[in-house]
1. Picking from G68, G83, G102, G79, which residue would you name as being open to solvent by less than 30 Å² (accessible area, probe 1.4 Å) and without any contact (Cβ under 8 Å) to a residue 60 or more places away in the chain?
2. Given (1) out of contact with any Pro (no Cβ under 9 Å at 6 or more places or on another chain); (2) closer than 28 Å to L132 by Cβ, where does K282 come up short, assuming only one miss?
3. If you go through the range 303-325 one residue at a time, do you hit one that is outside any helix (DSSP H, G or I), modelled with pLDDT under 90, open to solvent by 10 Å² or more (accessible area, probe 1.4 Å) and farther than 26 Å from L24 by Cα?
4. Can you report the number of residues in the range 134-178 which are in contact with a Ser or Thr (Cβ under 7 Å, 6 or more places away or on another chain) and basic (K, R)?
5. Does L50 count as within 18 Å of L345 (Cα to Cα) and open to solvent by 50 Å² or more (accessible area, probe 1.4 Å)?
6. Anything in the range 173-185 that is at pLDDT 85 or above, open to solvent by less than 80 Å² (accessible area, probe 1.4 Å) and either touching a Phe, Trp or Tyr at 6+ places or on another chain (Cβ under 8 Å) or of a type outside the set (A, V, I, L, M, F, W, C) (or both)? List them, or say none.
7. Can you tell me which residue in the range 7-47 is nearest to S108 (Cα to Cα), limited to those that are open to solvent by 20 Å² or more (accessible area, probe 1.4 Å) and in a loop (DSSP other than H, G, I, E, B)?
8. Can you tell me which residue in the range 258-276 is farthest from M14 (Cα to Cα), limited to those that are modelled with pLDDT of 85 or more and open to solvent by 10 Å² or more (accessible area, probe 1.4 Å)?
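The values are calculated or read from the model by the stated rules, or taken from the named source; none is laboratory data. If you're wondering where the values come from, they're calculated on a predicted model, not measured in any experiment. FYI the Cβ positions are ideal-geometry reconstructions off the backbone, even for glycines, and counts take in every protein chain you see. Side chains included, ligands, DNA and RNA excluded: accessible areas come from the protein's heavy atoms. Shrake-Rupley method; radii C 1.70, N 1.55, O 1.52, S 1.80 Å.
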Amino acid sequence: MDKAKVSVIQLFAMMFIFNLGTALIVAYGINAKKDAWLAILLGMCMGMVLFFIYYSLFRQYPTLPLTGYARKIFGKYLGWIIGLLYALIFLYMSARNARDFGDLLVSSTLTQTPLLAVNFSLVLVICYVLYLGIEVLGRTAEVFSVVLLFLGVAGNFFIFVSGNVDFHKLQPFLEDGWKLPLKVAFRDVFFFPFGEMIAFTMLLPHLNRPKLVKRVWLSAIVSSGLILSWTASLNIAVLSVDVTKRSVFPTLVTIGKVNLLDFIERLDAVVVFTMLLTVFFKVSIFLYGAVIGIVDLFKLNNRQQILLPIGGIVIFLSMTMASSFPEHLEEGHDVLHYYFIGVHLLIPLLMFLVSMIRNGFKKKGRSKSNVT
């Protein structure tokens, strides 16, 4: 196991950027129509409930990654299979996010560049950073989180100054009642991205101050959730619900409408660079989680020796998982939802319940031995 440590600020930066990910660019929560911002806030609250399951497991096994305590809870063989399942899912999600960024870049900026060249370059750089260690990734996140906030503030400023914002497009509030936002919050928002934070269960043993996990994790959920909710409402206020829903990357369209005195325009690069930062760290976290899981399960001595082969698998998956970007999105929306329920909610909840029952029996056994 890698003995490198990350600080509390670095962990927060990685979690914050991870949560923004591709959700900052796509039509996030738009199935709730004008109440997309509310659906995101509700999903954020559900994500907090999910966090306490992960946190309870971490408190019981603070030195083990998820693949480690899965074997402790479910036994050597079943736990190993479940650990492998998570490693493979982290690998797939890494490839999926790489594909998201590749398609955005090819469709918006590098129209003559092959998708393979974009994905290959991204994954190769990520492998190099991970080769240097999780501390390097943490320090990089610490720096680029400031850059990301600066880009966000600047982008919002130019959108408002351009005069394209009309918050009346968000009215009426709860036009279809509470049912639709709650449904969208559970189906679309709860697991993406808040449930995906289960990848950090592979990194938590590296935290130099484990007692602050709760504060850091909840702070990352709230801050990123508020930003995602604001971005969704801003997209609707500029584009309207119908245009936002039809747009593959509505944030790109929103900032593309900025035109100040025919001088400040074509700010699409701000969104592309923002997604480069967020996807870079999201792919990195998923890839690192997969590598740590494989090292733990197969008892390998060195994670560095498998980084390039795993990176090659990510590139291959990112190119072959779908024949087109619409098919890629449809797969994520319709198929992965059911996998997410099991992987992000049901299995962790089952692990939590089994560990609680086992701890209860152990305490009873200890109390009986003390009495005798």
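1. G79
2. Condition (1) is where K282 drops out.
3. Yes, that holds for at least one residue.
4. Here the count works out to 1.
5. no
6. Hit for the range 173-185 is P181, nothing else.
7. V26
8. Here the residue is F273.
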